[in-house]
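A.B. asks: This is the structure, below, for whatever I ask next.
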Amino acid sequence: MLPSDRLRIPTHVRTLWLSDVHLGYPGARAEALLEFIRVMRCDTLYLVGDIIDFWSLKKRRHWPQAHNDVVRSILGKAKHDTRVVYVPGNHDDVVRDYVELKLGNVEIHERIIHETVDGRTLLVMHGDQFDAAVLHSRLAAAFGAAAYDGLMGFSRLLDRVRDAMGREHWSLAGAIKSRIGRAQAYIERFENAAVREARRHGVDGLVCGHIHRPALRAEGETIYMNCGDWVENCTALVEHRDGRLQLLRPGAAEAPVEHELARSEAA
């Protein structure tokens with residue numbers, strides 16, 4: 001279990017959003033996620049896509065015990081009074097064949113609107129739906145995925161070296177993406193597309209994942225929320241019982257709570 005003085009995060013919340021766990025992928029940080037979800041209590045848990053990485057499993061059968069334990073912990077929550085909603089992504093798109101069904105107490109939806117305790121509406125979707133708006137072609141998307149896999153392979157090697165030296169996890173991929181103009185332009189186009197989608201649906205905000213870039217901020221009157229991931233960043237989004245929204249970084253000892261938006265003034 002993670003020590004509470006290290007966590008410095010709420011463990012009883014109204015809503016918890018997680019995305020891009022990538023179970024089945026060698027770079028998934030399932031042990032860190034398992035420590036986090038075991039101490040978290042929530043009324044509703046949204047799994048915002050790419051929870052299981054079927055793309056990776058097709059290439060290599062990788063499923064250690066920690067990955068199994070994460071699934072068991074989530075199903076345990078579904079069994080004991082937590083509403084669990086699975087919104088599949090592109091890496092687990094096979095689950096989209098079962099949208100609007102309830103399997104093992106887990107609801108499956110392609111997209112869904114969440115209402116906060118103070119009455120704000122948030123559209124929840126994975127975000128791969130925006131790829132057509134931000135990528136020039138499917139070939140470019142495939143090339144980007146291959147390059148990312150190679151980068152993450154090197155990043156895992158670097159992590160093992162840092163672990164042997166007693167240092168904390170550091171995201172090489174995140175550092176590189178933050179410095180490459182093309183990657184930054186892609187992220188900006190993606191986020192703009194997400195905000196437009198929220199406005200098109202007439203909701204107060206949008207929650208997504210997909211690009212492994214955690215975020216929580218207001219764009220004018222529209223809230224943009226991205227869960228991040230459990231490969232590079234180890235982040236999650238929560239709604240407190242008074243309507244406050246927070247981006248948490250439980251995988252980092254130094255700054256586990258990163259951003260917060262206050263509840264609606266109208267509440």
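A.B. asks: Only one of (1) free of Cβ contacts under 8 Å to residues at least 60 places away in the same chain; (2) out of contact with any Gly (no Cβ under 8 Å at 6 or more places or on another chain); (3) surrounded by fewer than 21 Cβ atoms within 10 Å (Cβ to Cβ) fails for residue 44. Which number is that?
C.D. replies: (1)
A.B. asks: If we keep just the residues of segment 210-224 that are surrounded by 18 or more Cβ atoms within 10 Å (Cβ to Cβ) and out of contact with any helix residue (DSSP H, G or I) (no Cβ under 9 Å at 6 or more places or on another chain), which is farthest from residue 246 (Cα to Cα)?
C.D. replies: Step by step, filter segment 210-224, then rank; the result is 214.
Yes/no matrix, rows are residues, columns are (1) assigned to a strand (DSSP E or B); (2) modelled with pLDDT under 55:
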| residue | (1), (2) |
| --- | --- |
| 110 | no, no |
| 118 | no, no |
| 122 | yes, no |
| 126 | no, no |
| 131 | no, no |
| 140 | no, yes |
| 147 | no, yes |
| 151 | no, yes |
| 154 | no, yes |
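A.B. asks: I've got another one for you. Exactly one of (1) aliphatic (A, V, I, L, M); (2) surrounded by fewer than 15 Cβ atoms within 10 Å (Cβ to Cβ); (3) closer than 30 Å to residue 196 by Cβ is unmet by residue 108. Its number?
C.D. replies: With respect to (1) aliphatic (A, V, I, L, M); (2) surrounded by fewer than 15 Cβ atoms within 10 Å (Cβ to Cβ); (3) closer than 30 Å to residue 196 by Cβ, residue 108 is out only on (2).
A.B. asks: Which condition number in (1) without any contact (Cβ under 8 Å) to a residue 60 or more places away in the chain; (2) out of contact with any His (no Cβ under 8 Å at 6 or more places or on another chain) is the one that residue 87 fails?
C.D. replies: Only one criterion is unmet by residue 87, namely (2).
A.B. asks: Now for a different question. For residue 114, indicate whether it is under 21 Å from residue 239 (Cα atoms) and at pLDDT 95 or above.
C.D. replies: Yes; evaluated as a whole, the condition is true for this residue.
A.B. asks: Identify all residues within segment 209-228 that are on the phi > 0 side of the Ramachandran plot and either touching a residue at least 40 places away in the same chain (Cβ under 8 Å) or outside any loop (DSSP other than H, G, I, E, B) (or both); write none if there are none.
C.D. replies: 210, 212, 228
A.B. asks: Residues 118, 92, 128: which one is in contact (Cβ under 8 Å) with a residue 40 or more places away in the chain, touching a Phe, Trp or Tyr at 6+ places or on another chain (Cβ under 6 Å) and of a type outside the set (S, T, N, Q)?
C.D. replies: 92
The values are calculated or read from the model by the stated rules, or taken from the named source; none is laboratory data. Note that the structure is a prediction, hence the values are computed from the model and not measured. All Cβ positions, glycine included, derive from the backbone under ideal geometry; neighbour counts span all protein chains shown.
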